[in-house]
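Below is one structure. I have some questions about it.
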Amino acid sequence: MEILSPRFIQIVLYVALVVFAASFVLLAVITIERWFKQRRRKKNAAFEREALPVLRAFSEGRAKEEAVIKVLLKNRSEAMNILILFAHGMEPELRPKLAPIFEKLVVLGEEVLAIEQGQVKRRLMAAERLGFLSNDASAAALVKALDDEAPVVRLCAARSLSIQGRTDAIKPILRALDLPAELDHRREVETLSGYGESAVPALLSVIESSRRKYSSNAIVAASRALGMLKAEEAVQPLIKLLQHPRDGVRLCAARALGDIGDPVAISPVAALADDPSWRVRRRAVKAMGKLNADEQVPKLSEALGDSSWWVRFAAAQALYSFGSSGISELERVQRTSSDKNARGICSEVLEEHAVLDTN
């Protein structure tokens, strides 16, 4: 047949040879690439074993700056990775010790240019590196990066500004990270709390300002950060926020007051146990538990019959946290209440803590 002619067989053999050759070349490329990666990993691991002890010695005052620089310059790109990880592992107040090392390794002009014009990955790298240079030029570049089109770069720039301790950047950070659809509030709050107590005045000015000046998202982030910092001076402003028209603001204000733990907040927080939003009611009863509000046992007992399971569970857990008085109330409700939901949640929590014998 025509299809089995010598010419056709020759073409098939030629195609097969080309495919084989291409496969061989591809296999060779993969093998060589894997070899180079393994070699690079071994080289970087060896360099890390040499660099880390020197960095530790320098941070403890047992090695000179020149000795550290000499080692790190053997592999500058990997040295930056090691140095940044090492810095993140240190206590914040000790990081400034590494500033002279960063200044020798980081080329300010290169990083400023990269954060303005580089690809996202390079802008992100520059935003992280600039955080360890405590000078006005790096701070200015980081503030500018708060307007970056990529939220991840904005967040990294904000964290770097907190590392530098630039409290004047707190309000710009709140505005830049006001992206609830793209960033989790927790990342924003962690960044703000990274400033420590120095952030409190700026955060207070945010929650005390006119509602039109800052969005509810910014107020929420500032409130949560103040709670994490346990800022006692924020108690009265946070109590005022318990009347805010936005559910999220009321919720976070109650949460922050519970974290701070000032007993003066007990009555205002307890009033939120009747809030229209079940999320706010849940946060209010959880806060009462944190505030050790054992005088609010009747209010928490009432919440055991709430229409939301989450509120009932939070109320039962709060009562249990009070010790014997709360446990006695849970047992009483479990025995005598006509509300099956209240009885059920009491049984659930008492069983969870092995107080109720189900045998």
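One residue is enough: does the range 31-48 have a residue meeting the conditions at pLDDT 85 or above and closer than 24 Å to Leu130 by Cβ?
There is at least one residue in the range 31-48 that is at pLDDT 85 or above and closer than 24 Å to Leu130 by Cβ.
Yes/no matrix, rows are residues, columns are (1) modelled with pLDDT under 90; (2) open to solvent by 40 Å² or more (accessible area, probe 1.4 Å); (3) closer than 24 Å to Leu94 by Cβ; (4) among the hydroxyl-bearing types (Ser, Thr, Tyr):
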| position | (1), (2), (3), (4) |
| --- | --- |
| Gly194 | yes, yes, yes, no |
| Ser198 | no, yes, yes, yes |
| Arg212 | yes, yes, no, no |
| Ser223 | no, no, no, yes |
| Glu233 | no, yes, no, no |
| His244 | no, no, no, no |
| Arg250 | no, no, no, no |
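Using the structure shown, decide if Met90 is of a type in the set (A, V, I, L, M), surrounded by 14 or more Cβ atoms within 10 Å (Cβ to Cβ) and in contact (Cβ under 8 Å) with a residue 40 or more places away in the chain.
no
Another question, then. Residue by residue through the range 124-149, note down the ones that are open to solvent by 10 Å² or more (accessible area, probe 1.4 Å), in a loop (DSSP other than H, G, I, E, B), over 23 Å from Val220 (Cβ atoms) and touching a helix residue (DSSP H, G or I) at 6+ places or on another chain (Cβ under 8 Å).
Within the range 124-149, Phe132, Ser134, Asn135 qualify.
Can you work out which of the residues in the range 321-358 that are assigned to a helix (DSSP H, G or I) and among the hydroxyl-bearing types (Ser, Thr, Tyr) is nearest to Ala287 (Cα to Cα)?
Ser321
Checking the condition open to solvent by less than 70 Å² (accessible area, probe 1.4 Å), among the aliphatic types (A, V, I, L, M) and within 21 Å of Ser223 (Cβ to Cβ), which residue from Leu291, Leu304, Leu300 passes?
So the residue among Leu291, Leu304, Leu300 that is open to solvent by less than 70 Å² (accessible area, probe 1.4 Å), among the aliphatic types (A, V, I, L, M) and within 21 Å of Ser223 (Cβ to Cβ) is Leu291.
So, Pro96, is that one at pLDDT below 85, surrounded by 11 or more Cβ atoms within 10 Å (Cβ to Cβ) and either closer than 30 Å to Glu190 by Cβ or of a type outside the set (Lys, Arg) (or both) or not?
yes
Can you say whether Arg175 is surrounded by fewer than 20 Cβ atoms within 10 Å (Cβ to Cβ), touching a residue at least 40 places away in the same chain (Cβ under 8 Å) and part of a helix (DSSP H, G or I), as far as the supplied structure shows?
Taking the combined requirement at face value, the residue satisfies it.
Still on this model: Against the definition (out of contact with any Pro (no Cβ under 7 Å at 6 or more places or on another chain) and either under 21 Å from Val200 (Cα atoms) or at pLDDT 90 or above (or both)), how does Val143 come out, yes or no?
no
Of all residues being assigned to a helix (DSSP H, G or I) and charged (D, E, K, R) in the range 240-273, which is farthest from Leu319 (Cα to Cα)? Just the residue, please.
Lys240
Also: Taking the criterion of being within 29 Å of the chain's Cα centre (by Cα), free of Cβ contacts under 8 Å to residues at least 40 places away in the same chain and open to solvent by 40 Å² or more (accessible area, probe 1.4 Å), would at least one residue in the range 16-26 satisfy it?
no
The values are calculated or read from the model by the stated rules, or taken from the named source; none is laboratory data. From a predicted model like this one, the values you see are computed outputs, not experimental measurements. When we count neighbours, we look across all protein chains shown, and the Cβ atoms used for this are built from the backbone with ideal geometry, even at glycine. When the accessible area is computed, the model is the full protein with side chains, heavy atoms only, and any ligands, DNA or RNA have been set aside. Shrake-Rupley method; radii C 1.70, N 1.55, O 1.52, S 1.80 Å.
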